[in-house]
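Before any comments, here is the structure.
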Amino acid sequence: MDEAKYIKRFRWITLVSGTILVLLLLTAWISESFMVDWKHYQSDYRELAMEYSEDEEASIETRNRIYQVSPVGLNRTDRCITCHMGIENPSMSDASQPHTLHPGNHLANHPVEKFGCTVCHGGQGRAIDRINAFGEDPSTHWNFPLLHPPYIESSCGKYHLSIFSEQVLLEGTATFLHGKEVFSREGCLGCHQARGVGGIIGPDLTEQGEKTKHEYSFTNVKGDQTISNWLKEHFRDPEMVSPGSDMLQMNLPEEELQALVTFTMGLAKPDISYEYIGVEALQEFRGMRPDLPAMKAYSMICSSCHGKNGEGKDYQGYKTGVPSLGNNDFVRVASDEMMAFTILHGRGGKQMASWLPLYSGLTHNEIDSIVKMLDGKFDVSHSFADVSRISGEVESGRDLYKRDCAMCHGENGRGDIGLPLNNADFLSAASDRFLYNTISQGRNTAGMPAWTGYSAAEMADLTRYIRTWGGGPRDDVSIDLPVGDPVQGDLQFHYLCSRCHGEFGEGNTGPAILTRDFQSLASDRYLYQTISGGRSHTAMFGWSTDVQGAGKLDRQGVSDIISYMRDVSSRERDYIYQGSNPGNAAAGKGLFSSHCAECHGESGEGLKAPALNNQEFLNAATNGYLIATISIGRDGTRMPSWGAGSEELPVLSATQRQDLAAYIRSWQRFRIRR
C-alpha cells in the first residue's frame, strides 16, 4: 500500500471520528440544555405558580438556572432548591413534590439561605438529579442518604435535644422523644455509652450514630439497605444481624422500634459549628449536664439487667443470672457502703462492670442517690410516735421474737451470733426509741437486718416482750457532758478499746462501734452509760466503775472517747472492714460443700446462684452481711433461711453459720480501696 492510500484512509478516519465527536457533543448539549429533570421541574413550577397565584401580576423568573446556598459554618453546598422551588411559597401547599410548600413552620427559624437543606434532610446537596441527590442507590456511594420520615427527626435530636434533661416538645419531634422514652425505659445505657455516660460492654452509641451506611454489613438484613433499617432489624434480632452479639432481643412493637431507631440515629456528634447546636445538647457534648434523679438514673442504666422493678433475672432461667435489687431481704441486710462499692467497682469476671465516674460518666452524687433510693425502697410505714402510743402484747411479742430474733440472739435473749438483749445493763441504757430504730433500720455491718415489715402493733409487741427482761427509758434522755477532745479520745480508744472492738472500731471480740449505722442510733447517754458502767456478764467492764488506777476514766475521759467516736464515724473510710467473726473456716468448708455448693459451685464460682468467690464481692460484703444472708435467706429465691430451716432443710446452729461465713471469707485474697 503506497503513501497516498495511507493518507486517504487517515483522512477518512479523522472525518468519521470528528463527526462522531461533534454528534456526541451535540447530544450532550441537547441533553444538558433541554432534557435534564431540574429544567422540567422549574418549567412545571412556573406554570403551577401562575395557576395557584392569586396575584395575576406576580413576577416569576422565567430563566432556568441552578440555585445553590453555601451556609457559613456548615461545610456544605446545597442545590436542593433548584428543584424544590416552592418550599417557601404558601400557594404551593397542595402541590405535589418537588413543588410543594415545606411542611410545618421550620423554615421560619431555619431559613434555607442560612441552614441549607442537607443539614437536616441528608442527601447529596451538590447533586441536581434525583438519584444522586437522594444518595440511596448503591451506585452513588454517598455516605449520608436522604432521611425519610420519621427518621429525619434524628437531625433535630442531633443538634437540639439532650438525653439527660427534660425539654419542651419541639415541632415535629414526637417520634424522636418517644424513642428517648423507650431508650430510657429499656436501660440502654447499662451496656452502651452515649454522650460520655453509660456502660462499656457494648459499642458507644455516639460513635454508632456517626457511622455511615458503608460501615454496616447488610448480609443478614432483610429489606432496604439503609442505616435505619439495619438498626431496626438489629434491635429486633441482634444475633441474626450481628452474629456473636451479646445483646438480647428487644420485644418491642413496630412503633417503638421505629422511635428507638430515630433516637439512636440522633445521638451522633454534629460536625458543624457550635453556634448551630442547642445549648443543652452542646453542654452534653462538653460533659456538662445536670445530675440524673435516682429513679431516672436507675431506669436508664440499671434496669436492663436488674429489671424495671429490681426483680433481677433468675439464675436457672437465664444463662447469666442477675441479683434482685428489689428483694426486701437483700435491701435490709446490705449497707449503703456495700451497694456503693459494688456500683463503683463492679464484679470482676461478671457482667457487672465498674461504674467509676472516670469510666462511666456518672457522678458520685448520682451513685449515692441510686443507693439511697434502693435503701429506702422498703422503709417502715410508721414512726416511733405511732408505736409509742400502743402498749403492746407480751405473748404476741414472744411469738415474733421466737420466729425472727431467736436464731441470732438466742431463745432467752442471752446472745449468740447477735448481742445479748436479756441484759439489765443494756436495757437500762437503751431507750425504747433506740430499740425501735435498731429493729426498723437494722445494723448492716453487724448482721442485724432491718425488720421493715413489722406493723406498728407488731413493733410495740416485740418491744414490750424485750422489756420483760429489764426496764429502761422510753425515749432518749440527754446528758450533760464536758466538751470532748477527739484527739485525746483517739489515744484512749487505741489503748483501751481497740483490743476488743478493733483498731478501726470494726469489731473483733467485741461488736463494731465506729460504724455510721450504730453511731446514728446511739445517744450520748447510751454511749456514756455503756463505757462508764459496762455490761454485766460480758467482757465489757465499766471503765469508770470496774477499773482502778491509771486506766480509770472520769467523765472527761469518757466524753473524749465519745467525741472521737462521733468524729471518726463521720469520715469516709478507705476500706469496708469485714468485721468480727469467730467462725472456723475448716469446719465451714464441709458445710459449704454439703449445703451451698449445689447452687454456688464447689469453689464458690456461682452456678445457679451468685458467685461468692469473687474479690469485689468479698471486699464489699462484711461478715455481718454474710451471716445475716445465711440466717434469713432471700424470700422469692432459692436461697433458704438456714437460721429457721424448713421441712426439707435443717436448721444450722449459730456456730455453723459463723463457720460458713468464715470459709467464704477465706477466699478473699486482697483488699480493694473504696
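The values are calculated or read from the model by the stated rules, or taken from the named source; none is laboratory data. In this text, all values refer to a predicted model and were calculated from it rather than measured experimentally. Virtual Cβ from ideal backbone geometry, glycine too; neighbours counted across all protein chains shown. These area figures cover heavy atoms from the full protein model, side chains too; ligands, DNA and RNA do not enter into them. Shrake-Rupley method; radii C 1.70, N 1.55, O 1.52, S 1.80 Å.
Tabulated data
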quantity	calculated
Chain lengthening between ASP224 and THR77 when straightened (0.36 nm per residue, less Cα-Cα)	50.2 nm
Accessible area per residue, Å², the chain with all protein chains present, probe 1.4 Å	51
Residues whose placed amide H lies under 5 Å from that of PHE541, excluding near-sequence neighbours	ARG535
Volume per residue that the Cα convex hull of the range 518-592 spans, once the total is divided by residue count, Å³	173
Tilt relative to the chain, helix 37-52 - C-alpha long axis, 0 to 90 degrees, to 10	90
Portion, in percent, of the accessible area of the chain that falls on carbon or sulfur, probe 1.4 Å	53
Distance between modelled label sites at LEU107 and SER93, nm, 7 Å Cα→Cβ extension	1.3
Mean projection area, nm², convex hull over Cα of the range 171-258	6.2
Equivalent ellipsoid, the range 557-674 (semi-axes from 5 times Cα gyration tensor eigenvalues, Å)	30, 17, 13
The range 403-449: projected area of the alpha-carbon convex hull, averaged over directions, in nm²	3.3
Zone of ILE272's modelled label, taken as backbone nitrogen in the range 104-133 under 18 Å from a point 7 Å along Cα→Cβ	104-127
PHE144 paired with SER536, simple spin-label distance in nm, labels 7 Å along Cα-to-beta-carbon	8.5
Computed P(r) (all Cα pairs; the range 45-190; 10 Å bins; percent)	10, 32, 33, 18, 5, 1, 0
Cα pair distances in the chain, grouped into 10 Å bins until the bin that holds the longest one, percent each	3, 12, 18, 17, 13, 11, 9, 7, 5, 3, 2, 1, 1, 0, 0
Dipole magnitude (debye, nearest 20) for the chain, charges at Cβ of Lys, Arg, Asp, Glu	1940
Degrees, to the nearest 10: 456-466 long Cα axis against longest axis of the chain	30
Approximate spin-label separation GLU395-THR545, in nm, with each point projected 7 Å along Cα-to-Cβ	3.6
Angle between the chain longest axis and helix 174-185 axis [Cα atoms, degrees, rounded to 10]	30
Calculated FRET value between ASP554 and HIS494, using beta carbons and R₀ = 22 Å, to 0.05	0.75
Among the listed pairs LYS180/LYS350; LYS319/LYS608; LYS180/LYS308; LYS296/LYS377; LYS296/LYS372, those beyond 18 Å (Cα-Cα)	LYS180/LYS350
Solvent-free Debye scattering, log10 I(q)/I(0), computed from the Cα coordinates of the range 331-375 at q = 0.31 Å⁻¹	-1.13
Dipole of the range 308-441, positive end: most advanced residue of GLY317, PHE434, ALA340 [Cβ charges, Cα centre]	GLY317
With 5 Å bins from 0: P(r) over the range 425-485, alpha-carbon pairs, percent	4, 16, 23, 22, 19, 9, 5, 3, 0
In the range 263-327, trypsin sites (Lys or Arg not before Pro) in a DSSP loop with at most 14 other beta-carbon atoms within 10 Å	ARG286, LYS308, LYS319
